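Right, one structure below, let's go through it.
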Amino acid sequence: MTAPKKKLKVATTSLAGCFGCHMSFLDIDERLFTLLEHIEFDRSPLTDIKTCSPDCDIGIIEGGLCNAENVHVLREFRKNCKILIAIGACAINGGLPAQRNHLQLTAILEEVYHSGPGLANGMIPNDPELPLPLNKVHPIHEVVKVDFFIPGCPPSGDAIWKVLTDLLAGREPELGHGLMHYD
Amino acid sequence: MSQTFTLDGKSIPFEDGQTIMQAATKAGVFIPHLCYHPEFKPHGSCKLCTVKANGRQTASCTMRAMAGMVVESETEEINAERRALTQMLFVEGNHFCPSCEKSGHCQLQATAYHLGMMSPHFDHFFPNRAVDASHPEVLLDFNRCILCSLCVRASRDVDGKNVFALSGRGIKTHLIVNAKSGKLSDTDFSLADKAAQVCPVGVILTKRKGFAVPIGERSYDKQPIGETVEGR
Ligand code: SF4
Ligand code: SF4
Ligand code: FES
């Protein structure tokens, strides 16, 4: 891996995900130091920067789309990042949150806040600050163009490292046997 | 005198009546497949086994080998089409591998790995399909059915029971259980049936056995599907 003159700007976010993919990213352990010789983090839960710079090189998206804010954030990433990577099962096929997709959203809210066991005087949250849930959970490639995918639930630190180092070296990322997992 | 054809330039011997798939498997060459099973009459429906034989695309599990035939299988063009077919199978059903008991032993998943399927690419159908948990020993999760008909063939041809059938046409095709109630518990299906063993994906599952094998030790953790052919 030859160091580029200018550090690449990398932004990351978790939409309808569990942060497991971000945790797995941190599982690259001390290789993070090597990585930081080549990249700097822009908007990310790791930096707490809230908006993407307009010149990000790589955007990494964990999680699918379960509400309107998710869609908004995804579009911001697509607009500002040259390369967009979907990381993990939820970003790629909706994952666990998408297992609500065969149920009516109204029926789910009704059961969770009103009719479920042990609930009394429940109220479906309606604060205007809360983003509206989507009728169905969608993988991100159904809304924007996604350049690369790192499957796994979560992908291993090694799989993430492989894709990022392939990209930094200008190679088409490839996960072989052992790194390629949908679970 | 033994007859041969070539598969990706390699000479493959065959006997009269053998299909390209049978001869290739015997010779230890893997051709991706989902609805083919060596013990059953080929069904020719999934088309994963498509090859070019003398320049024409055909299903290698149904096409008989002929002397001198030139067959191409592992080309970028054919694998791209196989990958697209696999992606369609994923989006037509509900395939949430992390919560599937078949994960790591699943032929669809392993084939997708083999083909380098990084994403399902198409828009998901997210169909609504109920599971059938009526049987005391076996669970049916129709969300993962790829309509390969192996359970249909096994139940009919080996078990002599006709428990399963494919119903409907085209995109509406679906697997049904032959009972008035449609429930598995109202058939004479048993865990000892061949049909209980053949599902390549996570539909026909033995109860109380899920996730018994730890990650790392499952069938395709140890060996990619391309290395599992008979001849090797
Ligand atoms: S049947 Fe196979 S592909 Fe489908 S969810 Fe289960 S492991 Fe994944
Ligand atoms: S249940 Fe399994 S064996 Fe039967 S048709 Fe569906 S995928 Fe094939
Ligand atoms: S394996 Fe030949 S068509 Fe399915």
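Rg over Rh for chain B works out to 0.97, using Cα positions for both radii and the Kirkwood form for Rh.
Counting, for every residue in A:11-18, the Cβ atoms of other protein chains within 10 Å of its Cβ and taking the mean gives 0.
Restricted to Cα atoms, the protein assembly as shown shows a radius of gyration and a Dmax of 24.0, 85 angstrom.
When averaged across all projection directions, what area in nm² does the alpha-carbon convex hull of segment A:42-183 cover?
Its Cα hull, projected and averaged over all orientations, spans 10.7 nm².
Overall form of segment A:55-123: prolate. Here a/c, set by the Cα gyration tensor axes a ≥ b ≥ c, is 1.5 or more, and a/b is the larger of a/b and b/c. Taking all protein chains into account, the per residue accessible area for segment B:7-80 stands at 47 Å² (1.4 Å probe).
How large is ³J(HN,Hα), in whole Hz, for each residue of segment B:106-123 in order, when computed from phi with the Karplus curve 6.51 cos²θ - 1.76 cosθ + 1.60 and θ = phi - 60°, using x for Gly and Pro? Each residue of segment B:106-123 in turn: 8, 6, 5, 4, 5, 5, 4, 4, 4, 8, x, 6, 8, 7, x, 6, 7, 6 Hz. Per residue, the convex hull spanned by the Cα atoms of segment B:4-74 amounts to 75 cubic angstrom. With all projection directions averaged, the alpha carbon convex hull of segment B:83-211 covers 8.0 nm². Pairwise Cα separations in segment B:93-149 fall into 10 Å bins from 0 onward with the following percentages, short to long: 18, 51, 26, 5.
How much of the DSSP beta bridge set in chain B is antiparallel, as a percent to the nearest 5? Before the final figure, lay out each step's value.
Working: 21 of 23 bridges.
If we restrict to bridges inside chain B, about 90 percent are antiparallel.
When the listed pairs A:7/A:162; A:7/A:79; B:102/B:222; B:41/B:161; A:162/B:209; A:6/A:82 are checked against a 23 Å cut-off, the alpha-carbon distance exceeds it for A:162/B:209. For trypsin sites (Lys or Arg not before Pro), the sites in segment A:136-183 that DSSP calls loop and that have at most 15 other Cβ atoms within 10 Å are A:145, A:171.
Placing a label point 7 Å from the Cα of residue A:72 along the Cα-to-Cβ direction, the residues of segment A:121-156 whose backbone N falls under 15 Å of that point are A:127-134. A cysteine counts as unpartnered when no other cysteine's C-beta lies under 4.7 Å of its own; in chain A this applies to A:18, A:21, A:52, A:66, A:90, A:153.
Could you work out the longest stretch of chain B that avoids the GluC sites (Glu not before Pro) located in DSSP loops with at most 11 other Cβ atoms within 10 Å?
Segment B:40-216 is the longest.
Surface calculation, 1.4 Å probe, protein heavy atoms: residue B:191 sits at approximately 50 Å² accessible. Summary value for chain A: 25 percent relative contact order, contacts being C-alpha pairs under 8 angstrom separated by 6+ residues.
Buried area at the B:A interface is about 2000 square angstrom, summed over both chains, from accessible surfaces computed with a 1.4 angstrom probe. The helix-only estimate of mean residue ellipticity at 222 nm for the protein assembly as shown, built from DSSP H runs of length n ≥ 4 each weighted as -39500 (n - 2.57), is -6000 deg cm²/dmol after division by the residue total.
Using the crude model of +1 on Lys and Arg Cβ and -1 on Asp and Glu Cβ, and no other charge, please compute the dipole size for segment B:102-232 relative to its Cα centre, in debye to 20.
Value, rounded to 20: 200 debye.
When DSSP beta bridges are restricted to pairs lying wholly in the protein assembly as shown, around 55% turn out antiparallel. Please tell me the relative contact order of chain B in percent, rounded to the nearest whole number, where contacts are Cα pairs under 8 Å and at least six residues apart. Value for chain B: 21 percent. Using the Cβ of residue B:105 as centre and a radius below 13 Å, the other residues enclosed give a net charge of +1, where K and R count +1 and D and E count -1.
Each label was represented as a point 7 Å from its Cα along the Cα-to-Cβ direction; for residue B:3 and residue B:158 these points are 3.0 nm apart.
Label point of residue B:122 set 7 angstrom out along Cα-Cβ; within segment B:35-70, amide nitrogens under 14 Å from it belong to B:46-48. Take the Cα of residue A:127, step 7 Å toward its Cβ, do the same at residue B:219, and the gap between the two points is 4.9 nm.
Across segment A:1-102, Cα-Cα pairs farther apart than 20 Å form 38% of the total. To make sure I understand the rule: partners must be lysines, Cα under 20 Å from the Cα of residue B:10, and not fewer than 8 residues away in the same chain. Which ones qualify? Within reach: B:26, B:52. Beta bridges per DSSP, both residues in chain A: antiparallel share near 20 percent. Shown for segment B:4-74: the carbon plus sulfur share of the solvent-accessible area, taken with all protein chains present and a 1.4 angstrom probe, equals 50%.
Applying 1/(1 + (r/R0)^6) with R0 = 22 Å to the Cβ-Cβ distance of residue B:167 and residue B:192, what FRET efficiency is obtained, to the nearest 0.05?
Approximately 0.30, to the nearest 0.05.
The values are calculated or read from the model by the stated rules, or taken from the named source; none is laboratory data. It should be emphasised that the depicted structure is a prediction, and the values quoted were computed from it without experimental measurement. In this analysis, Cβ positions are derived from the backbone assuming ideal geometry, glycine residues included, and neighbour counts consider all displayed protein chains. What goes into the accessible areas is simple: the full protein's heavy atoms, side chains included, and nothing from ligands, DNA or RNA. Shrake-Rupley method; radii C 1.70, N 1.55, O 1.52, S 1.80 Å.
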